[in-house]
Amino acid sequence: MADHALTNLGPVTETPSSSETLLKVKDLRLYFRTTKGVVQAVDNVSFSLGRRRSLAILGESGCGKTSLARAILRLLPRNVHTFSGEIVLDGVDLMKMNDEWFRREIRWRKISFVPQAAMNALNPVLRVGYQIAEPLIVHLGVSREEAYKRAEEVARVVGLPVDFLNRYAFELSGGMRQRAIIAMALITNPPLIILDEPTSALDVLTQANIMNSLKDIKRKFDVTYILITHDIATSSELADEVLVMYAGHVVEHSPAERFYKTPMHPYAQKLMASVPTLREDKQLEFIPGQPPSLINPPKGCRFAPRCPKRFERCAEEPPLFALDGGGVAKCWLMAR
Amino acid sequence: MLENGVLLSVKGLHTWYELRKFGFIRAGYVRALDGVSFDLRYGEALTIVGESGSGKTTLLKTILGLVPPTKGTLEFAGRQVDAKNLDWLRRQVGYVQQDPYGALPPFMNVRRILLEPMLINKVGRPAEREARIREVLEEVRLVPVEDFLPKFPHMLSGGQQQRLVIARALVLRPKLIVADEPVSMLDASVRVEILDLLRRVQRAHNLGVIYITHDLSTVRYFSERVFIMYAAKVVEKADVREIVKNPLHPYTRALLAAIPDPDYENSLRFKDVPPGEPPSLVNPPPGCRFHPRCTQMIPGVCDREVPPEFEPAPGHFVSCWLYK
């Protein structure tokens, strides 16, 4: 990506140390109240993520991956039943903060979010440049002129032509609008960016272009990504680590080097076997049955009813077992 | 009926949408489809790959008779299609929509959804209709049929909804099925199931199928022949394996290079993607429409003259001056 004129975006840590933990989530629960009962969207999720690493959260629709992102950002609807656990960012326990403090100190400053289909949520009556600059003006109290100058810098970083900043959203193509949204997430220079399906509505070439920009940003600046997607092939473009969710649980968390070659959890294996590949011939598989309802999830392993490898022990809920070469998987087969 | 004859023959098809200012002043045309020709035989499956705005959905709408072609002809089962025989055409062509939930009326149950096409087209007597409904439901494996008949679309999962859409497309016993991105809204684990199902009904009934997608990686699980579209034109036609192994058009090459297979190595390198975006179809660039983004552009040729179709290898057609 030679066409990226990269300017100094902010303080960059000299040497990235992957051992330093940026985000730690422990026993996170997010349940929703509905007329039919309590939905256990995120159930007992724990993981940690190192600084300047990128984590892909994979899973099918309804597995709780977007709820997990919203729980981290505390963007919650009104019908929350339970919201508990620990979320530690940069050594600060976010769960102890009140909502106003969280809004002022964490959102945009520490974590920014690119929600699903955000490119369609740009304000139609404001110029794109102002919308990109707004978080700086509102959250960091930067002057307008300075914020616009920064908006130009981040626009260059994401590959958005600077003269597009004077346009309105409808004058931009889908790919350019998505770049504007990513620029908005970058402008406050937050250590953590959560991307929810950032490219799934875009064409193949545009998708590849945006992935190139995201990689470029990661190489040059101090950012950590959480990428939420159901598109396994595209997730491999960015992931250092992969976390697979099924029915509200984390079932595997592995380094990407191993995950894309040999997933360990039977669900992850089935999921990988269902991904069509362009370059090699393989017999595609599908997973019979459907994920369980999260209102009264089955006792024991939640994947057991669909699992080809189930045995007696699966009636009991498995803990997360540590794997050789790093990572964890929630499956009795990993017990030794 | 000729089992190996031509089912659908498309010749020089152009579909332009008129642009108007203030509702009545002519302001040019969007050339959504600009000169597409091909033949589809009985029982043949064909895939059309293109990005959004490449004209693939317009092609499909023109084949379904939903938009009249501006120029060119459409022949179905040996008969020229025109405004007078559209009803006849639509009975022969089943349509599988992209978004199953949006395509199914929420206030009708499964039985009513499948009955509707037969009522509209006055097909069969009540007992025959009932039997036909059961038959197609079994075919798409929505079994036990009794359980599904009274259900409404919101009670079905995404995969089941898409099966129902396929069942509806089959209920009039068509000769051709057109499927517009039938799996793009579904989860990976269900996609394969639906593609398998389409493939199975295609073989069982010797159906012609046109499968439209932007995702090249699913193509090889569905059909042999594939067309690549760019900016309202077909730029390359070949066998899927041939396209993957030996892509000729620079656009096809870029498209293939951009599609990742799940592999950790992807995160270590940048993709070689052409800059820019597809051209406007109101004022398409002269000559080859890919030339402004093409790295192998021949000045004076590609930007002046429209490339005709060349056949550098048997059965592999490409519209690019590099293969003259």
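Laboratory data are not the source of any read-out in this text; all were calculated from the coordinates shown. Note that the structure is predicted; figures quoted are calculated from it, not measured. Note that each Cβ is placed from the backbone with ideal geometry, even for glycine, and that neighbours are counted across all protein chains shown.
A few notes on this one:
- 10 Å Cβ neighbours from other chains, averaged over peptide A:197-209: 6
- With the simple spin-label model, which puts each label point 7 Å out from Cα in the Cβ direction, the B:His154 to B:Asn85 separation comes to 4.4 nm.
- Computed log₁₀ I(q)/I(0) - Debye formula, equal Cα scatterers, no solvent, region B:184-324, q 0.18, 0.20 Å⁻¹: -1.14, -1.28
- Counting only lysines at least 8 places from B:Lys151 when in the same chain, those with an alpha carbon closer than 27 Å to its own are A:Lys36, B:Lys122.
- Relative contact order (%) - criterion: Cα under 8 Å, at least six apart; region: region A:214-333: 21 percent
- Residue-count net charge about B:Leu197 - beta-carbon cut-off 9 Å; Lys, Arg +1, Asp, Glu -1: +1
- Distance (nanometres) between label positions extended 7 Å along Cα→Cβ at A:Leu126 and B:Arg200: 5.2 nm
- The alpha carbon convex hull volume per residue for the protein assembly as shown rounds to 184 Å³.
- Scanning residues 5 or more positions from B:Tyr42 or on other chains, those with amide H under 5 Å from its amide H are B:Gly5, B:Leu7, with H placed 1.01 Å from N in the peptide plane.
- Shape descriptor for region A:139-179: Rg over Rh equals 1.01 (Cα atoms; Rh from the Kirkwood inverse mean 1/r).
- Per-residue extension of 0.36 nm, minus the Cα-Cα distance of A:Glu100 and A:Ala335, leaves a gain of 80.2 nm for this segment.
- In summary, the lysines within cross-link reach of B:Lys56, defined as a Cα separation below 24 angstrom excluding same-chain residues under 8 places away, comprise B:Lys11, B:Lys71, B:Lys175, B:Lys233, B:Lys237, B:Lys245.
- Residue pairs exceeding 32 angstrom between C-alpha atoms, taken from A:Lys110/B:Lys271; A:Lys220/A:Lys282; A:Lys65/A:Lys218: A:Lys220/A:Lys282.
- Taking amide H positions as modeled 1.01 Å from N, with prolines and chain starts lacking one, the residues under 5 Å from B:Val235 and 5 or more places away or on another chain are B:Ile228, B:Met229, B:Tyr230.
- Helix axis angle, A:174-186 relative to chain A longest principal axis, alpha carbon, degrees: 90 degrees
- Relative contact order (percent, whole number), region A:144-192, Cα cutoff 8 Å, 6+ residue spacing: 44 percent
- Fluctuation leader among B:Phe270, B:Phe148, B:Phe38 - chain B, Gaussian network, Cα springs under 10 angstrom: B:Phe270
- In terms of surrounding Cβ atoms within a 10 Å radius of their Cβ, B:Val301, B:Val209 rank from fewest to most as B:Val301, B:Val209.
- One chain, two ends: B:Asp99 and B:Ala27. Fully extended at 0.36 nm per residue, the span grows by 22.7 nm beyond their Cα-Cα distance.
- You can think of it this way: the chain between A:Glu171 and A:Phe83 has 27.6 nm of extra reach, that is 0.36 nm per residue less the Cα-Cα gap.
- Relative contact order (percent, whole number), region A:172-241, Cα cutoff 8 Å, 6+ residue spacing: 37 percent
- Sites B:Glu128 and A:Leu75, calculated FRET efficiency, Cβ-Cβ separation with R0 56 Å, nearest 0.05: 0.55
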